[in-house]
Each structure stands twice: as structure tokens, then as C-alpha cells.
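These notes are about the structure you will find just below.
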Amino acid sequence: MLEKTKKRRSVMKYPYLYCDIDGTLADQSIISEENVAALKKYRQAGGKLGLATGRVELITESYAKQLDVDLPCILYNGAAVYDFSIHTFLHTETVDTADVLAMMELGMKVYPQVSVEICPGGATVLANPHGVEDAFITREQQPFVYGKAEDCERIIKLMFYGEPQQLKQVEAAIRPAFGEKYRILFSQPVYLEVLPKAAGKESALAWISQNLNIPMEQICAMGDFDNDVGMIQLAGLGAAPADAPERVKKQAEFISDAHDCHAAVKLVEYLLSQI
């Protein structure tokens, strides 16, 4: 049986698949049974699956188990590569603590109620005690603690959560001073993220390709938002859901169904047709 799997994998054009979660595989944080079944079919045909998400390891683990992923996953929007099979970071980038404190001050000056979320690895640290409630943290019961940036041993990424128009003011406040040093982007309209300059889903995908000896041309990557564009462009086959913004879909070679219409199903059908 093992030998048969190896043979089938050898003729699959795209035997490695990386998928974003929110807005791609998941609708309202739930991955449909149809998507789960399609990805299982892909793996049974010899493909290997990994996730590429802005989420941290503690809240990605349930998805990794549900989908039985067998590739290291891209987390923190590319600031980390994590292997769930051994519960270990394989690669991380970090943000300077002094810069985080300066960005927090600038952000809270223009939007005092912004939720400031620091990701050190493990539970998210909420650094603004007066920040608005993060609906995703509440709905998904994500682990968090209240704390200070200076007490974190490392900071993998910084996030601001809140009302989209006010987050744009936060972006305008921090970008002039820190835009050259860090990647500042929206991963969703309600999340403004600050990542290490070297971080990104595409750079994490490149790290995986180089260090795990996975040919980039054999990787398919699907995502739905601006933070996915680099990964979509870099992969051998870039894909996007039908309801992704036009600017994202223009970068993709394959357009699947909408994320709430089981986007993985149509993509897997196409990938298996390439065998």
C-alpha cells in the first residue's frame, strides 16, 4: 500500500497544498464537511497538506487535527513555521519590543479603544486594558492573557483589532515611522498586523521549500486576501476563492468556488485531474 501511494504521488503535478483558513477553507471559523472530505481525498491520492494562516499555533491546532495535516504549517502570517507533529517552531521572525511599545503609543493615541494584541508564541497578550473586545477571541474562546509587551520574551507579531476605518488611522500613524522596517498590512478589515520585514506567507513558503526540499513548482497555494498574494504568486499554482477581492483573484491562476461554497472541493477536483 505504501509503495502504491509513492507511485501515485510521483505523478501528481501538485503534490503539496497550502491553504489559508479564514475566508478560504473556513466560513465563520468552521470548515465544512465538504471541504474536509475533499482534502481527505487529496491526501489519499498522495498529496500532502499544510495550512497558511495568520492564526497562532494554539488556535490552529484544532484545524490541523481536523484536516490531519502532514506538512509544517505557516502561522502568524508567515512569521513562523510550525510542525504540529512534534509541536515545535521550525522557524520564527520577531519584532523589536521597543518598536512595539512605540507603535502601541501611536496607535492608541489616534484610537484609544483599539485592541492591542501581542503574539509571543502561546497565548495572545492583550496589552490595552481599555481595548474593544475582539469578537474572534470571544467566539472561538481563544487563549489570552492581559499583559505588557516588555514582559514578553519575544514578539512574533503585533496586531491591532477594531473598527476598520479607525484602524486605517492607526495604520496612517505608524506607517511613516515603521513602514520601512516592518511589514504593515491588513489580514482582514478588522485586523491590522505588524510583521517582521522578513516575514510573510511567501517567505515562509520559500523557507519550507528550501529547507524541506519541496520543489516550489509542485506546490499549490490558495488564499483569499492581500496577505495571501505573495504566496499565491510564488507557488507553482496559485488559487483563490471566487469571492476573494478582484485584486487578489487577478494574481491567481485558478479560481475556485466561494469560500462559503466549499472552495476546497473544486480545487481538489482540479488538482486530481492533473494526475
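Of the residues Thr88, Thr60, Thr138, the one that moves most in a GNM of the chain with alpha-carbon contacts below 10 Å is Thr138. The angle between the Cα long axis of helix 201-211 and the main principal axis of the chain comes to about 50°, on a 0 to 90 degree scale.
With respect to the chain, whose longest principal axis is taken over its alpha-carbon atoms, helix 164-178 is tilted by about 80°. Relative to the 2.2 N^0.38 Å rule of thumb, the chain has a C-alpha radius of gyration ratio of 0.99.
With a ≥ b ≥ c the root eigenvalues of the C-alpha gyration tensor of region 156-205, is it rounded (a/c under 1.5), prolate (a/b larger than b/c) or oblate? It is oblate, given that a/c is not under 1.5 and a/b is not larger than b/c.
From a point 7 Å beyond the Cα of Gln165 in the direction of its Cβ, which residues of region 178-205 have a backbone N at a distance under 17 Å? Backbone N within reach: 189-191.
Between the helical axis of 97-110 and the dominant principal axis of the chain, each derived from Cα atoms, what acute angle in degrees is found, rounded to the nearest 10? So the inclination is approximately 70 degrees. Note on the chain: GNM, Cα springs under 10 Å; of His91, His262, His130, the largest mean-square fluctuation is that of His130. For the residue pairs Lys40/Lys249; Lys181/Lys266; Lys148/Lys249, the alpha carbons lie more than 32 Å apart in Lys181/Lys266; Lys148/Lys249.
Starting from the Cα gyration tensor of region 194-275, take the square roots of the eigenvalues, sort them a ≥ b ≥ c, and report rounded, prolate or oblate (rounded when a/c is under 1.5, otherwise prolate if a/b is larger than b/c, else oblate). Oblate. Is region 74-226 rounded, prolate or oblate when judged by the Cα gyration tensor, a ≥ b ≥ c being the square roots of its eigenvalues, rounded requiring a/c under 1.5 and prolate requiring a/b larger than b/c? Cα axes put region 74-226 in the prolate bin. What the Kirkwood sum gives for region 46-127 is a hydrodynamic radius of 14.1 Å, with every pair of different alpha carbons counted.
With a simple spin-label model that places each label point 7 Å from the Cα along the Cα-to-Cβ direction, the separation between Asn211 and Arg154 comes to 1.0 nm. Between beta-carbons, use under 13 Å as the cut-off and find the net charge around Gly238, counting Lys and Arg +1, Asp and Glu -1. Net local charge, Gly238 excluded: -3. Simple spin-label estimate for Ala102 and Arg139 gives 3.6 nm between the two label positions (7 Å along the Cα-to-Cβ direction from each Cα). Proximity of backbone amide H atoms, modeled 1.01 Å from N, is registered between His91 and Val81 at under 5 Å, excluding neighbours fewer than 5 places apart on the same chain. The H on the amide N of Tyr16, modeled in the peptide plane, is under 5 Å from the matching H of Lys48, Cys220, each at least 5 residues off or on a different chain.
Post the alpha-carbon centroid distance, region 227-262 to region 8-67, in whole angstrom. Using only Cα atoms, the two centres lie 15 Å from each other.
Bear in mind that the values in this text are calculations on the coordinates, not laboratory data. The structure presented is a predicted model; accordingly, all values stated were derived computationally and were not measured. Ideal geometry is used to build each Cβ from the backbone, glycine not excepted, and the neighbour counts take in all protein chains shown.
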